[in-house]
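Reviewing the structure listed below.
The values are calculated or read from the model by the stated rules, or taken from the named source; none is laboratory data. Just so it is clear, the model here is predicted, and its values are computed rather than measured. So basically every Cβ, Gly included, is an ideal-geometry build from the backbone, and we count neighbours across all protein chains shown. Remember, those area values only see protein heavy atoms, side chains included, never the ligands or the DNA or RNA. Shrake-Rupley method; radii C 1.70, N 1.55, O 1.52, S 1.80 Å.
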Amino acid sequence: MSSEAAWVPVALSASIEPGTSAGAVVEGAELVVWRDAKGVAHVWEDRCPHRGMRMSFGFVRGDHIACLYHGWSYDTAGQCRHIPAHPDLDVPKTIKIATYAVEEAGGVIWTRLATAAQAADPLPTMGTNLPVRSLYADCSAAHALAILKQTLLPVGKGETCPGRLQVVTPHVWTLEAGALSLSIAVQLIGPQKIGLHILADEGAADLIPHLARWAQALRLALEEPVTVAEVA
Amino acid sequence: MSEITLYNHDLDENCYRVRLMLSFLGLAHEIVAIDMVPGHEEKGPAMRALNPLGSLPILKDGDLVLYGTQAILAHLARAHDAAGVWLPLEPAIFSRVMQWTFFSATALSCAIEARRVAVFGLGGDLETLKHEARQALRIMDDHMVLRHIEGFEWFAADTPTIADLSLLPSFALSRDYGIDHDEFPALRRWLRRFRILPGFRTMPGIPDYH
Ligand code: FES
């Protein structure tokens, strides 16, 4: 379990385009990640106060996000502003969705599942990065670490090189091989489910397609049944 | 101009595939509503005379009677899309279009079946079907990750083809059978681009944003 004050990744910045929303789960908590038309990212509880519909099914209009069920519309503070069935109603201030702190750094959207009163960990430093992809796999973080310790990274010209894995924080891992440096923002979805948001350093532009294929193969390795001999 | 008739059920996603194609091509057509659920009208003798498989959709185009969703899409594109945009014939593109169009009829058949079980309450092992559908959607997402890196937004060409059209409903409707869109960022991106194509229309289960 990560501390509530920790910044946790929910998506690659590039995956949440302006005017769109998506769902993300962090340690069982359902979140909606959305970006308003001005480009600002928001992370909220994924639940409409009306009848509990997931807000990630909803749609963004300008700087509001509207619920799919009955169109209740919320401003960037999570405050309900408009109820289509009662267009003249001055919407009560109590109709509000829980919002979380959001920062974008290193090509990743980070959130902190804590109230403002709690002291925050510093934002992870990730440098400038090129997105490779988000990879979702059914395995634990510990298992992913064990597999990544043995991975061979593509370093160009069809060659591979063993990666050196470093756990910077529970949510930031790095893998280095030769001149290549990968950052992995780790989203703990559930005990046996993780999201790896993988980015490469700026010098690695030509390697991105190879790294995307490497990630695809990595998922197979991550989900391969663990044999008893390995466990022992 | 020949007369086109579609034997249709509004909640059937394969019928939706054909409705989408007709809409993109702007083709006038008649709709014959078939009581698929709960009536199983498509399995009755009158409909089996048109399609011995007893399934929908069925398309009549002049004297031609066709069944099989992908065959109908290919026919409409060849016969009514003069520019050849939806089914390009350049060999390198054509073969990719075929690969992904067949994928929608083979690997994705579990997704179509999963939705039938979930929405229409038909018998079937939903968990196994969902598992297989998720694997198929992952293959699609992996492909679109690479396509995006290469600078393309569509499955087989630099414009949408019947491959995109035949794959899309299984993803757009995946919440009907309990698979969320969270894990498929590249497919979300593709779905958004598909939704804004001129002529796009929704069906129940695919929200109409208004
Ligand atoms: S459930 Fe969200 S508006 Fe009704």
Pairs with Cβ under 6 Å, 6+ apart, first in segment B:126-152 and more than 18 Å from B:Arg188 (Cβ to Cβ), second of a type in the set (Val, Ile, Thr): B:Leu126/B:Val117
Residues of segment A:32-63 classified as aliphatic (A, V, I, L, M) and within 16 Å of the ligand (Cβ to nearest atom), total: 4
Given (1) crowded, with 16+ Cβ neighbours inside 10 Å; (2) more than 13 Å from every other protein chain (Cβ to nearest Cβ), index of the condition A:Asp90 fails: (1)
Entirely in segment B:67-131, the helices (runs of 4 or more DSSP H) that have 1 or more residues that are assigned by TED's automatic domain parsing to the domain that holds B:Ala163 and in contact with an Asp or Glu (Cβ under 6 Å, 6 or more places away or on another chain): B:109-120
Filter result (in a loop (DSSP other than H, G, I, E, B) and open to solvent by less than 20 Å² (accessible area, probe 1.4 Å)) within segment B:46-57: B:Asn51, B:Gly54, B:Leu56, B:Pro57
Restricting segment A:11-31 to residues that are hydrophobic (A, V, I, L, M, F, W, C) and closer than 19 Å to A:Lys96 by Cβ, the residue that is nearest to the ligand (Cβ to nearest atom): A:Leu31
Any hit, segment A:135-145, residues being within 14 Å of another protein chain (Cβ to nearest Cβ), touching an Asp or Glu at 6+ places or on another chain (Cβ under 9 Å) and either among the β-branched types (Val, Ile, Thr) or not in a loop (DSSP other than H, G, I, E, B) (or both): yes
Residues that are more than 12 Å from the ligand (Cβ to nearest atom) and β-branched (Val, Ile, Thr), drawn from segment A:65-90: A:Thr76
Restricting segment B:9-44 to residues that are among the small types (Gly, Ala, Ser) and part of a loop (DSSP other than H, G, I, E, B), the residue that is nearest to B:Gly199 (Cα to Cα): B:Gly26
The listed residue being in a loop (DSSP other than H, G, I, E, B) and in contact (Cβ under 8 Å) with a residue 60 or more places away in the chain, out of A:Asp121, A:Asp90: A:Asp121
Selection from segment B:13-45 of residues that are buried (at least 18 other Cβ atoms within 10 Å of the Cβ) and more than 29 Å from B:Ala82 (Cβ to Cβ): B:Ile34, B:Met36, B:Glu42
Hits in segment B:160-182 - residues which are within 17 Å of the chain's Cα centre (by Cα), surrounded by fewer than 24 Cβ atoms within 10 Å (Cβ to Cβ) and in a loop (DSSP other than H, G, I, E, B): B:Pro160, B:Leu173
Hits in segment A:91-123 - residues which are within 12 Å of the ligand (Cβ to nearest atom) and within 25 Å of the chain's Cα centre (by Cα): A:Ile97
Flag if B:Arg134 is in the same structural domain as B:Arg175 (by TED's automatic domain parsing), of a type in the set (Lys, Arg) and under 23 Å from B:Leu73 (Cβ atoms): no
Residue within segment B:185-192 that is at pLDDT 95 or above, out of contact with any Asp or Glu (no Cβ under 6 Å at 6 or more places or on another chain) and in a loop (DSSP other than H, G, I, E, B) present: no
